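Novice: This is the structure I have questions about; it appears just below.
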Amino acid sequence: MSKNTHLGHQAKKRFGQNFLHNDAIISRIVDAINPEPGENLIEIGPGLGALTEPVVERAGDLSVVELDRDLAERLRHHPFLAQHLTIHEIDALKFDFSTLATAEQPLRVFGNLPYNISTPLIFHLLSFKADIKDMHFMLQKEVVDRMAAQPDSKAYGRLSIMTQYQCEVESVMEIGPEAFQPPPKVDSAIVRLIPRRDINNQVECLKTLNSVCVTAFNQRRKTIRNSFKKLVSAEELESLGLTPTLRPENLTIDNYISLANYIHANSASSEDLESDT
């Protein structure tokens, strides 16, 4: 049997499919999620049900978002899972997750995300953060490292800032390739994201913060004087408490918020930023 075949299903490269098959690892992941009856649980990419089955056993009914029509059909006829699942056969990047949330039941989202779309999918989900209680995802370890990275490190960048501004980020556990079929060529990790309900240092425009980060980290070896020379002068950087010779990785999240708020308040700079990004 092909190494890309698991439980009779041929993994599809275009969907980035790698299926968990290590029971001990699966148990630890489900323990980390800690699903309970009555919760509004959503799984992205249930695949062959490795996480779906133990979650249903603990929590009961579950909504799943699955793009692969073969896997969705398989779940519809699963002898145990079918009666417990609401299946949304759609690309998660295009799905309106707010349609599944209520004021009484915020979403608890989890899944083994396709590594080829993990970052845009995280950003898509963050647009629904008001409806989400928490998220647990299997991701490429490098991506989790970037999410949790602190200033003055090579992993620190736009993903670190945009994720940590909006969520508490915790790397829960690391997982080797041998836990999957077919095994990926990278290590994996579970990340826990808890959307922040109260943010003390508010950014005026999240889009501007994102654009500032893109501008900064597109050429991360430049000094911020050079990165932002079309937007703010060295004197303006100093007025914000920023040393112009620093590099993008040296600035804290609060520094980026201050810079984004300053640029947003100056419409001409904001327009230049949008044209550059």
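The values are calculated or read from the model by the stated rules, or taken from the named source; none is laboratory data. Not measured: the values here are computed from a predicted model. Don't worry about glycine lacking a Cβ; one is built from the backbone with ideal geometry, like all the others, and counts go over all protein chains shown. All accessible areas refer to the heavy atoms of the entire protein, side chains included, with ligands and DNA or RNA removed. Shrake-Rupley method; radii C 1.70, N 1.55, O 1.52, S 1.80 Å.
Novice: Rounded to whole Hz and in sequence order, give me ³J(HN,Hα) for region 110-123 from the Karplus expression 6.51 cos²θ - 1.76 cosθ + 1.60, θ = phi - 60°, writing x for Gly and Pro.
Specialist: So the J values, rounded to whole Hz, are 8, x, 8, 7, x, 5, 6, 10, 4, 5, x, 5, 4, 5.
Novice: Less than 11 Å Cβ to Cβ from Cys167, Lys/Arg counted +1 and Asp/Glu -1: what total charge do the surrounding residues give? List each step's numbers first, then the result.
Specialist: Values: positive: Lys129, Arg192, Arg196, Arg197; negative: Asp134, Glu168, Glu170.
Summing Lys and Arg as +1 and Asp and Glu as -1 gives +1.
Novice: Same structure again: For Leu20, enumerate residues with amide H under 5 Å from its amide H, sequence gap 5+ or separate chain, H modeled in the peptide plane.
Specialist: Residues meeting the amide H criterion: Gln181.
Novice: While we're here: Tell me the angle of helix 253-265 to the major Cα principal axis of the chain, expressed in degrees between 0 and 90 and rounded to the nearest ten.
Specialist: With rounding to tens, the tilt is 60 degrees.
Novice: I would also like to ask the following. Heavy-atom accessible area per residue, region 40-162, 1.4 Å probe: how many Å²?
Specialist: Working: 5090 Å² over 123 residues.
For region 40-162, the per-residue accessible area is 41 Å².
Novice: Sorted by accessible area (1.4 Å probe), largest first, how do Lys154, Lys141 line up? All intermediate terms of the calculation are to be shown ahead of the outcome.
Specialist: Working: Lys154 185, Lys141 50 Å².
Sorted descending by solvent-accessible area, the residues read Lys154, Lys141.
Novice: OK, next. Suppose we look only past 37 Å in the calculated P(r) of the chain. What percent of the Cα-Cα pairs does that tail hold?
Specialist: Numbers: 8307 of 38226 pairs.
Counting pairs separated by more than 37 Å, the tail of P(r) holds 22 percent.
Novice: By accessible area of protein heavy atoms, probe 1.4 Å, what ranking do Ser160, Ser171 get, highest first? Provide the component values of the computation, followed by the final result.
Specialist: Working: Ser160 0, Ser171 60 Å².
Sorted descending by solvent-accessible area, the residues read Ser171, Ser160.
Novice: Also, I was wondering about something else. I want to check the label-to-label distance for Met173 and Asn34. Put each point 7 Å from Cα in the C-beta direction and report it in nm to one decimal.
Specialist: Label at Met173, label at Asn34, 1.4 nm between them.
Novice: Here's something else I'd like to know. Carbon and sulfur together cover what percent of the accessible area of region 135-175 at a 1.4 Å probe radius?
Specialist: Numbers: 590 of 1540 Å².
Here carbon and sulfur together make up 39 percent of the probe-accessible area.
Novice: Next question. So for region 206-275, considering every pair of alpha-carbon atoms, how many percent are separated by more than 19 Å?
Specialist: On the way: 430 of 2415 pairs.
Looking at region 206-275, the distances longer than 19 Å represent 18 percent of pairs.
Novice: Another question, if that's okay. Students often check this: by mean Cβ neighbours within 10 Å, which of 43-50, 200-207, 30-37, 145-152 ranks highest, and how do the rest follow? Spell out each step's value before the answer.
Specialist: On the way: 43-50: 24.2, 200-207: 13.0, 30-37: 15.5, 145-152: 18.0.
Ranked from most to least packed, the peptides come out as 43-50, 145-152, 30-37, 200-207.
Novice: Follow-up question, since we're still on this one. For Asp91, project a label point 7 Å along Cα to C-beta. Then give me every residue of region 48-82 with its amide nitrogen under 18 Å of that point.
Specialist: 65-72
Novice: Now for a different question. Between Arg58 and Leu206, what is the spin-label point distance in nm, taking each point 7 Å from the Cα along the Cα→C-beta axis?
Specialist: So the label points at Arg58 and Leu206 sit 2.8 nm apart.
Novice: Restricting to the chain, what percent of DSSP beta bridges are antiparallel, rounded to 5?
Specialist: Numbers: 18 of 36 bridges.
That works out to approximately 50 percent antiparallel.
Novice: Roll a 1.4 angstrom probe over the protein heavy atoms and tell me the percent of accessible area of region 206-275 that is carbon or sulfur. Please list the in-between numbers first.
Specialist: Numbers: 1510 of 3450 Å².
That fraction is 44 percent.
Novice: Mean separation of Cα pairs under 8 Å and 6+ residues apart, divided by the residue count of region 5-195: what relative contact order is that in percent? Walk me through the numbers before you get to the answer.
Specialist: Values: 328 pairs, mean separation 41.7, N = 191.
Taking the mean separation of contacting Cα pairs over the length of region 5-195, I get 22 percent.
Novice: Under the Karplus relation 6.51 cos²θ - 1.76 cosθ + 1.60, θ = phi - 60°, what is the ordered set of whole-Hz ³J(HN,Hα) values for region 69-80, x standing for Gly and Pro?
Specialist: Per residue, the Karplus-derived 3J(HN,Hα) values read 5, 5, 6, 4, 5, 4, 5, 5, 10, 5, x, 9 Hz.
Novice: In sequence order, what are the phi-derived ³J(HN,Hα) couplings for region 188-197 according to the Karplus relation 6.51 cos²θ - 1.76 cosθ + 1.60 with θ = phi - 60°, rounded to whole Hz, with x for glycine and proline?
Specialist: 10, 7, 9, 10, 10, 10, 10, x, 7, 8
Novice: Taking only C-alpha pairs under 8 Å that are 6+ residues apart, what is the relative contact order of region 185-270 in percent? Please report the intermediate quantities before stating the final value.
Specialist: On the way: 75 pairs, mean separation 31.5, N = 86.
Normalised by residue count, the contact order of region 185-270 is 37 percent.
Novice: Turning to a different aspect of this structure: So what is the calculated 222 nm ellipticity per residue for the chain, using -39500 (n - 2.57) for each DSSP H run with n of 4 or more, over all residues, to the nearest 500 deg cm²/dmol? Don't jump to the answer; show the numbers that get you there.
Specialist: On the way: 11 runs with 99 residues, N = 277.
Mean residue ellipticity, 222 nm, calculated: -10000 deg cm²/dmol.
Novice: Quick one: which of Lys129/Lys154; Lys94/Lys222; Lys94/Lys207; Lys154/Lys185; Lys207/Lys229; Lys94/Lys154 span more than 24 angstrom between C-alpha atoms?
Specialist: Working: Lys129/Lys154 27 Å; Lys94/Lys222 35 Å; Lys94/Lys207 19 Å; Lys154/Lys185 22 Å; Lys207/Lys229 20 Å; Lys94/Lys154 32 Å.
Distance filter (> 24 Å) returns Lys129/Lys154; Lys94/Lys222; Lys94/Lys154.
Novice: What accessible area per residue, rounded to a whole number of Å², is obtained for region 206-275 using a probe radius of 1.4 Å? Kindly include the intermediate steps, with their values, before the conclusion.
Specialist: On the way: 3450 Å² over 70 residues.
Each residue of region 206-275 exposes 49 Å² on average to a 1.4 Å probe.
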